1. Under the condition of being modelled with pLDDT under 85 and hydroxyl-bearing (S, T, Y), which residue from the stretch 53-104 is farthest from S42 (Cα to Cα)?
2. If I filter the stretch 30-79 down to residues being part of a loop (DSSP other than H, G, I, E, B) and of a type in the set (D, E), which single residue comes out as farthest from the chain's Cα centre (by Cα)?
3. So, in the stretch 14-57, exactly how many residues are out of contact with any helix residue (DSSP H, G or I) (no Cβ under 8 Å at 6 or more places or on another chain) and either in contact (Cβ under 8 Å) with a residue 24 or more places away in the chain or over 21 Å from A100 (Cβ atoms) (or both)?
Amino acid sequence: MYRIYMVEDDNGIFEVVKSRGGKYELQFFGVKNFRNILEEFSDIEPHLVIMDIGLPFFDGYYWCRKIREISNVPMIFLSSASDNLNMVMAMNMGGDDFVAKPFDYEVLIAKIQALLRRTYDFAETVSGTGRGEIYLNTRNCTLVYKNTAIDLTKNEYKILSVLIENKGEIVSRERLMDSLWESDCYIDDNTLTVNVNRLRKKLNTYGLDDFIQTKKGMGYLIEENAV
């Protein structure tokens, strides 16, 4: 079930959207404290954000900027002002779509579903790790962890693809190199070591310590219960 964080100060609108979305296995979360939206966002780890522009204390543009500092989660802006300036600002601030109030609730749900499909259906989804959801996005060759996209090189992406596809099994260095050669990633034994070490260091900076394990003399492993 997809988690949707709806930053909307009209509780009537929120309740209707929440009710309609529940029919499509969409789980909606409202704002508890309009001063702590970023903290609530981090706690919920939503798959998508619906952001009203006119909010108490700080407007939606402000919170969009704050969220974009830590996440590339898809975002739909809502506004009662449907002029072109608001639409352009919303897109420039990092929004993925714009819906003007008053709106048809079924149209909003359809837009949410379409954006979720565009964002996540291209991904090779992997089950929860206990540290947040992880998946490989085949569209832009990133590893998404806690709604943060980690940029990967072509080699790094292919290495993770093979290891995740064979999670719970030791993948030999030879098998990894064969897979890289097949995908036109020309690599030798020394280059593989450099790539794996660089990839590990990159993952460590995002809290994914020991995600890739070395089995001495055998190869590499991503544990079954790690993904």
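The values are calculated or read from the model by the stated rules, or taken from the named source; none is laboratory data. As the structure is a computational prediction, the values presented were derived from the model and not from experiment. Every residue, glycine among them, receives a Cβ derived from its backbone with ideal geometry; neighbour counts consider all protein chains shown.
1. S82
2. Restricting to residues being part of a loop (DSSP other than H, G, I, E, B) and of a type in the set (D, E), the top hit is D59.
3. Of the residues in the stretch 14-57, 16 are out of contact with any helix residue (DSSP H, G or I) (no Cβ under 8 Å at 6 or more places or on another chain) and either in contact (Cβ under 8 Å) with a residue 24 or more places away in the chain or over 21 Å from A100 (Cβ atoms) (or both).
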